[in-house]
Amino acid sequence: MEQTETIIVGGGVSGLACGKTLHDMGRDFILVTEEIGGRMLTSKSHEVNYGASYITEDYKNILPSMGGGRRIWTHDCFFHGGKEPISFYRWRTLFEIRKLIKLYRIASDFRWRLNRLRRKTLHRSQKEALEADSVLKGYTDQPAVEFVKANRLEYLNDTYFAPLFNSTGFIAYEQCNTFAYLDNLMALICKTYVADHSRCCRILPDGWKEKIVLSRVTQLQKIGNGLFKIRAGDKTLSAKNVVLALPYHNAKLLYDVPKPEHNIPIYVLEVIGERNKCCRNKKVVFFKPDEHEITILWKQTTGTDIIFSKVQDPNLGMYYTSHNIVNKIYWETAIVLSGSKWLEQRLEKGLYLASDYNICGLEDAYITGVYAANHICGEYWLV
C-alpha cells in the first residue's frame, strides 16, 4: 500500500489550489481525480465554458491563473420579464436612483467585508471568520426577501436583480439569505470577466503533474495510527491527511458530509440557431424564474449560445425560429448556497472539506483548497 502525507480527492479548482500550495511548500502528496478541471469544463475548442463562467476583479487569488478572458459589460446584459428583454440603462431606472445609491453603499461595504474575510480564510476556517464579522453573520441570518423590503427595492429587484440571481444561482432569491443576494450583486459592481478554465487547468498543476493519479476514488476508510486509506481503481493509498475537494453529491459517497442548505442541479446546453426577434442581437439575456424554464441565454464568441436550464428539455421554440443542440451537460451539483449555518472545513483530525460549501464562487472554492493545505502545513494563525 503506497503511503504519502496527503491525499487530495478531486481535481477541480479547490483540489488544484490545494495541490499547488502543498507543492510550493515542498510537501508530499497525491491528487486523485477522474479528470482535471471538475466543474471547470469547456468545449473541445476551450472557447465555451460549460461550468462556472465568470470571475470578478476581486478574485485576487485565482486571477493569475484564470484571468485574461473577455470583459462582460453591464450594457450587454438584458432582463426578460415582460414582452421583451430590457436594459438596465433606461429612463425608468432613474426614478430609483436614491435607492440605487443606498444599495451601492451597502454593497460596497459588503464587498470590503467579503474581501477581508477572503484574506482571513486563507488561514482560518470560513465559519470562524464569519463569526468574527457581525455584519456578515447578520446577512446570513436575514432572508433576502426582508432585505429587499427593508430597502424598498421591489421594482429594481423584480426587474433586474431577481432575474440575475435566478440566472447565476439557479434558484429564486426568496429561498436564500441576504449574504447570497449581495454576493450575487458583486458581478454588477465589480469588473467582471469570462473565466479562462483551460488556462487555469494548465497553470495550477504545472511542476507537479506526476503527482496526479487519474482514477475514481471508491472508498475512504480510517485505518488507525492516524492514517486514512483510499481505494482508487486498482490502487490502495494511505495518508495522514485527506482533502475531499469534491461537490456534495460526490463527497457524500465517501464520508458523512453535512448537507448544504441548497445543493442545486442545472442543465447546460450549447445551442446554435436563429434567435427570434425578441432575443436577437442581445449578448446576454437573464430570465425571471416564474416565467421561463431557462435562466440565461448567452451569446458566445463561437456564434453558439450557452443556455442554463432547470429542466432537461426546455421549450427553446420560445427563443429561436430554428436551432440545433450542440452539447448538453448535467451538473448534479452546479451551485451550493449556504444558509445561516456554515459548514466546518475540518471534518475531523486529518480530514478536510474543500469546495464551495459556504460561499459560492471560483475564488472562494480556490481559497478552501489553500486553507486545507495551510492547515496541513501548520501555516495558520489568527489574522
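The values are calculated or read from the model by the stated rules, or taken from the named source; none is laboratory data. Just so it is clear, the structure is predicted and the values come from calculations on it, not from any experiment. Here the Cβ positions follow ideal geometry from the backbone for every residue, glycine too, while neighbour counts run over all protein chains shown. Keep in mind that these areas ignore ligands, DNA and RNA; they rest on the heavy atoms of the full protein, side chains included. Shrake-Rupley method; radii C 1.70, N 1.55, O 1.52, S 1.80 Å.
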Spatial separation of Cα centroids for the range 318-378 and the range 275-313, in angstrom: 24 Å
In Å², nearest 10: area of GLU47 left accessible to a 1.4 Å probe: 100 Å²
Rounded if a/c under 1.5, otherwise prolate or oblate - the range 212-293, Cα gyration tensor axes: prolate
Equivalent-ellipsoid semi-axes of the range 129-191, from the Cα gyration tensor, Å, largest first: 19, 14, 11
Placed amide H near TYR54: partners under 5 Å, 5+ positions off or other chain: ALA195
Among the listed pairs LYS20/LYS44; LYS209/LYS240; LYS44/LYS299, those beyond 23 Å (Cα-Cα): LYS20/LYS44
Amide proton proximity set for THR295, modelled H, under 5 Å, gap of 5+: PHE308, SER309, LYS310
Extended-chain gain in nm, criterion 0.36 nm per residue less alpha-carbon gap, GLU261 and SER108: 52.5 nm
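Taking the Cβ-Cβ separation of ASP133 and ILE101 as r and a Förster radius of 30 Å, what is the calculated FRET efficiency to the nearest 0.05?
On the way: r = 24 Å, r/R0 = 0.80.
With a Förster radius of 30 Å, E is 0.80.
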Relative contact order, percent, the chain [alpha-carbon distance under 8 Å, six or more residues apart]: 28 percent
Sparsely packed trypsin sites (Lys or Arg not before Pro) within the range 296-383, loop by DSSP, other Cβ within 10 Å at most 12: LYS341, LYS349
CD proxy at 222 nm, helix term only [per DSSP H run n ≥ 4: -39500 (n - 2.57); per residue of the chain; nearest 500]: -8500 deg cm²/dmol
Global form of the range 117-164, assessed from the alpha-carbon gyration tensor, a/c cut-off 1.5: prolate
Under Karplus coefficients 6.51, -1.76 and 1.60, residue-wise ³J(HN,Hα) of the range 225-230 in Hz, glycine/proline x: 6, x, 10, 10, 10, 10
Cβ-Cβ FRET estimate between HIS249 and ARG70, R0 fixed at 30 Å, reported to 0.05: 0.45
Within the accessible area of the chain (1.4 Å probe), percent carbon and sulfur: 49 percent
P(r), alpha carbons of the range 1-156 - 10 Å bins starting at zero, rounded %: 8, 23, 30, 25, 10, 3, 0
Charge tally in the Cβ shell below 11 Å around LEU316, where Lys, Arg are +1 and Asp, Glu are -1, LEU316 excluded: -2
Gain in span if fully extended, ASP141 to LYS341, counting 0.36 nm per residue against the direct Cα distance: 71.1 nm
Extension gain, ARG116 back to LYS283 (0.36 nm per residue minus Cα-Cα distance, nm): 56.8 nm
The range 290-383 - Rg and Dmax from Cα coordinates, angstrom: 19.5, 59
